[in-house]
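One structure is given below, encoded as structure tokens.
All of the numbers you see were taken from the coordinates with simple rules; none came from a lab. Computed from a predicted model, the values in this text were never measured in an experiment. A quick note on method: Cβ atoms are made from the backbone with ideal geometry, for glycine too, and the neighbour counts reach across all protein chains shown.
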Amino acid sequence: MSKKIFWFVGVIAVCIVGIVFLTKSSEKSAEIDYKGQPFLGKESAPVSIVEFGDYKCPNCKDFNDQMVPVIYKDFVETGKAKFYFMNYSFINIDSNRSAQFAETVYKELGNEKFWSFHDLLFSKQPEDLKYEKVDLYTEDFLKKALAEVATEKETKKVVKAFEENKGQEAWDKDMSIAKKLGVQSTPSIYVNGKQFTGKTYDDFAKMVEKEAANGK
């Protein structure tokens with residue numbers, strides 16, 4: 001399907017059934033603390049794109065699978081933008097657990113390993129929506145998943161740090177940022193602190209291009 005006719009809101013839908021917001025992109029820019037956050041791209045890129053997501057959200061999986069590769073190709077690889085993932089985990093208790101575990105991976109193993117684990121978690125998301133009510137992402141599940149992209153020594157290091165709540169602070173920070181911004185759905189996308197709520201990928205691309213031009 002051509003990205004020019006991609007129904008962007010179809011992916012950026014709310015993970016609460018029955019509610020969808022169809023408004024124009026916000027012109028109001030909010031202050032977001034990007035320090036210590038995992039990101040893709042060059043730190044010098046003029047545009048900061050943020051996704052607030054939940055590892056149990058089916059729409060976040062769709063966004064990660066379908067849209068992030070396109071955004072990466074069009075804007076990250078070209079040096080126009082860097083892409084951040086921040087947690088807004090609310091679906092179930094294991095939403096919080098998986099988010100904090102991923103934050104621990106970032107803290108202990110760095111940015112590259114974080115993104116490998118991040119993508120792997122979404123790839124392991126079941127297709128059955130009923131799983132959202134089940135505590136699926138147990139510590140054992142997360143440990144085995146990490147072992148697929150990390151060494152035994154690295155996995156043990158992360159598990160130990162996780163058991164010591166080393167991912168709590170970073171998760172708290174994300175949730176605080178999301179609350180301050182008024183995030184109520186996942187995925188929610190922000191471009192240089194401005195919320196994107198447009199309808200198509202072209203709308204999104206124009207917004208990023210505008211911010212990139214302003215940043216020159």
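Looking only at the stretch 149-188, count every residue that is among the small types (G, A, S) and outside any helix (DSSP H, G or I) and tell me the total. Give the steps one after another, and end with the answer.
Start the filter on the stretch 149-188 by keeping residues that are among the small types (G, A, S), which leaves 150, 161, 167, 170, 176, 178, 182, 185, 188.
Narrowing further to those that are outside any helix (DSSP H, G or I): 150, 167, 182, 185, 188.
Adding up the residues that qualify gives 5.
What pairs can you find where one residue is in the stretch 131-157 and at negative phi and without any contact (Cβ under 8 Å) to a residue 24 or more places away in the chain, the other is surrounded by 12 or more Cβ atoms within 10 Å (Cβ to Cβ) and among the hydroxyl-bearing types (S, T, Y), and their Cβ atoms are less than 7 Å apart, with a gap of 6+ or different chains?
Here the result reads K143/T155; A147/T155, each pair linking the stretch 131-157 to a residue that is surrounded by 12 or more Cβ atoms within 10 Å (Cβ to Cβ) and among the hydroxyl-bearing types (S, T, Y).
Across the stretch 124-164, which residue is surrounded by the most Cβ atoms within 10 Å (Cβ to Cβ) among those that are polar (S, T, N, Q) and closer than 14 Å to A102 by Cα? Break it down into steps so the answer makes sense when it comes.
We begin by selecting, within the stretch 124-164, every residue polar (S, T, N, Q); these are 125, 138, 151, 155.
Checking which are closer than 14 Å to A102 by Cα leaves us with 138, 155.
Details: T138: 12, T155: 21.
Among those residues, the one meeting the criterion is T155.
Kindly indicate the residue of the stretch 60-96 that is in contact with a Leu (Cβ under 8 Å, 6 or more places away or on another chain) and part of a helix (DSSP H, G or I) and also surrounded by the fewest Cβ atoms within 10 Å (Cβ to Cβ) among those meeting that condition.
Filtering the stretch 60-96 for residues that are in contact with a Leu (Cβ under 8 Å, 6 or more places away or on another chain) and part of a helix (DSSP H, G or I), the one surrounded by the fewest Cβ atoms within 10 Å (Cβ to Cβ) comes out as Y72.
Looking at the stretch 85-96, I want the residues that are in contact (Cβ under 8 Å) with a residue 12 or more places away in the chain and within 13 Å of S185 (Cβ to Cβ) and have a partner that is buried (at least 24 other Cβ atoms within 10 Å of the Cβ) and among the β-branched types (V, I, T) with Cβ atoms under 7 Å, at least 6 apart or on another chain. Which pairs are those?
From the stretch 85-96, the pairs are Y88/T186.
I'm trying to understand the selection: among the residues of the stretch 165-216, which are of a type in the set (V, I, T), in contact with a helix residue (DSSP H, G or I) (Cβ under 9 Å, 6 or more places away or on another chain) and buried (at least 17 other Cβ atoms within 10 Å of the Cβ)? Give the derivation first.
Residues of the stretch 165-216 of a type in the set (V, I, T): 177, 183, 186, 189, 191, 197, 200, 208.
After this cut, where a residue has to be in contact with a helix residue (DSSP H, G or I) (Cβ under 9 Å, 6 or more places away or on another chain) as well, the list is 183, 186, 189, 191, 197, 200, 208.
V183, T186, I189, V191, T197, V208 - these are the residues of the stretch 165-216 that are of a type in the set (V, I, T), in contact with a helix residue (DSSP H, G or I) (Cβ under 9 Å, 6 or more places away or on another chain) and buried (at least 17 other Cβ atoms within 10 Å of the Cβ).
State whether one or more residues within the stretch 97-118 are surrounded by fewer than 18 Cβ atoms within 10 Å (Cβ to Cβ) and on the phi > 0 side of the Ramachandran plot. Break it down into steps so the answer makes sense when it comes.
Let us first name the residues in the stretch 97-118 that are surrounded by fewer than 18 Cβ atoms within 10 Å (Cβ to Cβ), namely 110-112, 116.
Imposing the further condition that a residue be on the phi > 0 side of the Ramachandran plot reduces the set to 110.
Within the stretch 97-118, one or more residues are surrounded by fewer than 18 Cβ atoms within 10 Å (Cβ to Cβ) and on the phi > 0 side of the Ramachandran plot.
Collect the residues in the stretch 159-216 that are in contact with a Ser or Thr (Cβ under 6 Å, 6 or more places away or on another chain) and among the charged types (D, E, K, R), keeping them in residue-number order.
K166, K194
Testing F101 on (1) in contact with a Gly (Cβ under 8 Å, 6 or more places away or on another chain); (2) within 22 Å of A170 (Cβ to Cβ); (3) assigned to a loop (DSSP other than H, G, I, E, B), one condition comes back false. Which one is that?
With respect to (1) in contact with a Gly (Cβ under 8 Å, 6 or more places away or on another chain); (2) within 22 Å of A170 (Cβ to Cβ); (3) assigned to a loop (DSSP other than H, G, I, E, B), F101 is out only on (3).
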